Amino acid sequence: MSSTKLHVLAHPIVNARLSKLRQMSTNSKEFREGIHDISLILGIEASRDLEEETFTGTTPIGPFTGAVIKPNIGLTPILRAGMGMTNALLDLFPAASVYHLGIFREKVSLQPVEYYSKLPPNPTVDQVFLLDPLIATGGTACAAMNMIIEWGIPINKIKLLCVLASQDGLNRVQAEFPGVEIWVAAVDPHLTPNGLISPGLGDTGDRLYNTLKGSDKV
């Protein structure tokens, strides 16, 4: 993997929040809060190199030179789990456009299936943050990448943000899109035969929205 494009956070707060997310005893409210907190840190770190534009203003004491973010920002959360990351990024970029992408992974083949896109006919933003809490096999992230590139956003203007990834999933994304910048809170070494990250943190969508079935609930 290209080390220059892959950024794995190393921060005690992130480690603590992620450890809380992994626990079966963590309820949906706590899970949503943990995803939000990690996403906020991911967004701050991933936006370090955004271009700034200066302006002049006046404080109560005197004039100053300030700065604003120059590029128009777009957020593309993958439904439905990506919605858990969206508000954190909107805290950082209140004026960002949000374009939901509907992609699910077929349970037998583990292949991505596209079913929804809110992307307009032509790009209206300069920089896209692709939001996907989990990169397991990497198929869903790659499908979303293709949708955004076909929309007209160049690879160097896409940043993929995820809370947890498998090593295999990252390998696949970087093999198919070597130019994409990836920010991830942590990487787990294994996938189960069903394509789940191990040890992982379970089904993110179900845990975010309290839709676990029967014995899966705690």
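Hey, among the residues in segment 91-112 that are open to solvent by less than 50 Å² (accessible area, probe 1.4 Å) and among the hydrophobic types (A, V, I, L, M, F, W, C), which one's farthest from residue 37 (Cα to Cα)?
110
State yes or no: is residue 182 out of contact with any Ser or Thr (no Cβ under 7 Å at 6 or more places or on another chain) and touching a residue at least 40 places away in the same chain (Cβ under 8 Å)?
Taking the combined requirement at face value, the residue satisfies it.
Got a sec? Which of 160, 201, 164 is within 17 Å of residue 100 (Cα to Cα) and either in contact with a strand residue (DSSP E or B) (Cβ under 6 Å, 6 or more places away or on another chain) or buried (at least 22 other Cβ atoms within 10 Å of the Cβ) (or both)?
Criteria check complete, one pass: 160.
Being part of a strand (DSSP E or B) and either in contact with a helix residue (DSSP H, G or I) (Cβ under 7 Å, 6 or more places away or on another chain) or surrounded by 19 or more Cβ atoms within 10 Å (Cβ to Cβ) (or both) is the requirement here; does residue 76 meet it?
Yes, satisfied.
Six or more apart or on different chains, Cβ under 6 Å: which pairs go from a residue in segment 20-47 that's among the β-branched types (Val, Ile, Thr) to one that's modelled with pLDDT of 95 or more? Could you list them?
26/20; 35/84; 38/14; 38/17; 38/163; 38/185; 41/14
Considering 188, 126, 132, which residue is under 19 Å from residue 90 (Cα atoms) and buried (at least 19 other Cβ atoms within 10 Å of the Cβ)?
Exactly one of 188, 126, 132 is under 19 Å from residue 90 (Cα atoms) and buried (at least 19 other Cβ atoms within 10 Å of the Cβ), namely 132.
What's the total number of residues in segment 169-179 that are under 25 Å from residue 36 (Cα atoms) and either open to solvent by 10 Å² or more (accessible area, probe 1.4 Å) or touching a residue at least 60 places away in the same chain (Cβ under 8 Å) (or both)?
1
What's the number of the condition residue 147 fails, among (1) free of Cβ contacts under 8 Å to residues at least 40 places away in the same chain; (2) touching an Asp or Glu at 6+ places or on another chain (Cβ under 9 Å)?
Here residue 147 meets the rest and fails (1).
Of all the residues that make up segment 57-73, how many are in contact (Cβ under 8 Å) with a residue 12 or more places away in the chain and of a type in the set (Gly, Ala, Ser)?
Total meeting the criteria: 2.
Please go through segment 10-30 and pick out each residue that is closer than 20 Å to residue 166 by Cα and modelled with pLDDT of 95 or more.
Scanning segment 10-30 gives 14, 15, 16, 17, 18, 19, 20, 21, 22, 23.
The values are calculated or read from the model by the stated rules, or taken from the named source; none is laboratory data. All of these numbers come straight from a predicted model, not from anything done at the bench. Ideal geometry is used to build each Cβ from the backbone, glycine not excepted, and the neighbour counts take in all protein chains shown. Note: areas computed on protein heavy atoms with side chains; ligands, DNA, RNA excluded. Shrake-Rupley method; radii C 1.70, N 1.55, O 1.52, S 1.80 Å.
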